[in-house]
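Structure record follows, encoded as structure tokens.
The values are calculated or read from the model by the stated rules, or taken from the named source; none is laboratory data. Computed from a predicted structure; not experimentally measured. Heads up, the Cβs are rebuilt from the backbone with ideal geometry, glycines too, and the neighbour counts pull from every protein chain shown.
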Amino acid sequence: MTHIYDSPATLTKAYANHLQQLSAQVLENQETFSWALSGGNTPKLLFSILAKEYRESIPWNRIHIYWGDERCVAPDDEESNYFQAYKSLLRHIPIPQENIHRIKGENDPREEAIRYAEKLSKKLPSDKGWPVFDLIWLGLGTDGHTASIFPGQEHLFHSEKNCAVSTHPQTLQKRVSLTGGPINQAKRVHFLVTGAAKAPIVRDILQGLKNYPASLVNNQNELIWFLDQEAGQFLSGI
Ligand code: 6PG
């Protein structure tokens, strides 16, 4: 399923509202809501809207924040997905520290992948042996990567572990990433993708024209692509 909006601003406002309604609905039937964030730049606008306009209307004390992937850098490094979320969202909302479950980019990557995988198994309900998130946000790279599963490293998506260590193909930066198990077992996966640069990749994936790491995301519970007009410009009648 795809939702296409005129601009990143309208997408962001609509998605923030959707998130507020979704969390309220889920929290009618369970105590907490587990949400894995994506990294990169796309989420920043949404973080700022949530921080400004949803400080009170989302029960942040019942929201547990995780990450779909993290760069292996210090938590105060500009490259850190945690740091970006902290700056734009987390420090502006009344979320208890114990609800923030960051991937520790400062740790040894392999050890951290094991630690985080064990944490997910301990903290989240499981189904078919995988930890189950209420919601996973994913972004899309212009090379078709998602989380930190890059082209040529698709075997990591098929790992039997919850997390894997990948290597950014250009910078050789180590990353810790969720694998396909938790991603495809989540109750909901939402891609948030904006900008013309992503349009050919979005078309190729959604029309099955070419395979990328993001093509491997085939969550059978809920998979929704939230796009702006530019990113969705090559989709005809989907
Ligand atoms: C990361 C991400 C990655 C990101 C895409 C899109 O750590 O970089 O999690 O998967 O979502 O690269 O990034 P942009 O939003 O910056 O285009």
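Working only within the stretch 88-114, note down all residues that are among the hydrophobic types (A, V, I, L, M, F, W, C) and part of a helix (DSSP H, G or I).
LEU90, ALA113, ILE114 - these are the residues of the stretch 88-114 that are among the hydrophobic types (A, V, I, L, M, F, W, C) and part of a helix (DSSP H, G or I).
Please determine whether any residue of the stretch 138-156 is under 27 Å from LEU27 (Cβ atoms) and part of a loop (DSSP other than H, G, I, E, B).
Among the residues of the stretch 138-156, at least one is under 27 Å from LEU27 (Cβ atoms) and part of a loop (DSSP other than H, G, I, E, B), which makes the answer yes.
For the stretch 203-211, state whether one or more residues are crowded, with 18+ Cβ neighbours inside 10 Å, within 13 Å of the ligand (Cβ to nearest atom) and at pLDDT 95 or above.
The answer is no; no qualifying residue exists.
If a residue must be outside any helix (DSSP H, G or I), more than 16 Å from the ligand (Cβ to nearest atom) and under 18 Å from TRP67 (Cα atoms), how many such residues does the stretch 120-137 contain?
7
Quick check, is GLY152 of a type outside the set (Asp, Glu), touching a helix residue (DSSP H, G or I) at 6+ places or on another chain (Cβ under 7 Å), on the phi > 0 side of the Ramachandran plot and within 16 Å of the ligand (Cβ to nearest atom)?
no
One line per residue, one yes/no per condition, for (1) aliphatic (A, V, I, L, M); (2) within 15 Å of the ligand (Cβ to nearest atom); (3) at pLDDT 95 or above; (4) closer than 16 Å to GLY139 by Cβ:
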site: THR10; (1), (2), (3), (4): no, no, yes, no
site: GLN25; (1), (2), (3), (4): no, no, yes, no
site: ASN29; (1), (2), (3), (4): no, no, yes, no
site: SER48; (1), (2), (3), (4): no, yes, yes, no
site: ARG62; (1), (2), (3), (4): no, no, yes, no
site: CYS72; (1), (2), (3), (4): no, yes, yes, no
site: SER80; (1), (2), (3), (4): no, yes, yes, yes
site: GLU106; (1), (2), (3), (4): no, no, yes, no
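Exactly one of these conditions fails for GLU160: (1) surrounded by fewer than 21 Cβ atoms within 10 Å (Cβ to Cβ); (2) within 16 Å of the ligand (Cβ to nearest atom). Give me its number.
Here GLU160 clears every test but (2).
Quick test for you: out of GLN153, GLN173, GLN185, pick the one residue that is touching a residue at least 12 places away in the same chain (Cβ under 8 Å) and farther than 24 Å from GLU106 by Cα.
From the options GLN153, GLN173, GLN185, the qualifying one is GLN185.
Could you say which residue among PRO200, PRO96, PRO182, PRO125 is more than 18 Å from THR32 (Cβ to Cβ) and out of contact with any Ser or Thr (no Cβ under 7 Å at 6 or more places or on another chain)?
Being more than 18 Å from THR32 (Cβ to Cβ) and out of contact with any Ser or Thr (no Cβ under 7 Å at 6 or more places or on another chain) holds for just one of PRO200, PRO96, PRO182, PRO125, which is PRO200.
Condition test on ILE4, is it more than 16 Å from the ligand (Cβ to nearest atom) and at pLDDT 95 or above?
Criteria met by ILE4.
Let me spell it out: the conditions are (1) within 16 Å of the ligand (Cβ to nearest atom); (2) in contact (Cβ under 8 Å) with a residue 40 or more places away in the chain; (3) not in a loop (DSSP other than H, G, I, E, B), and ALA117 meets all of them except one. Which number is the exception?
Failed condition: (1).
Let's see how each residue does on (1) more than 18 Å from the chain's Cα centre (by Cα); (2) surrounded by 14 or more Cβ atoms within 10 Å (Cβ to Cβ); (3) in a loop (DSSP other than H, G, I, E, B); (4) among the polar types (S, T, N, Q):
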residue: HIS3; (1), (2), (3), (4): no, yes, no, no
residue: ALA9; (1), (2), (3), (4): yes, no, no, no
residue: SER23; (1), (2), (3), (4): no, yes, no, yes
residue: GLU28; (1), (2), (3), (4): yes, no, yes, no
residue: ASN41; (1), (2), (3), (4): no, no, yes, yes
residue: GLU70; (1), (2), (3), (4): no, yes, no, no
residue: TYR86; (1), (2), (3), (4): no, yes, no, no
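Does LEU192 count as in a strand (DSSP E or B), touching a strand residue (DSSP E or B) at 6+ places or on another chain (Cβ under 9 Å) and of a type in the set (A, V, I, L, M)?
yes
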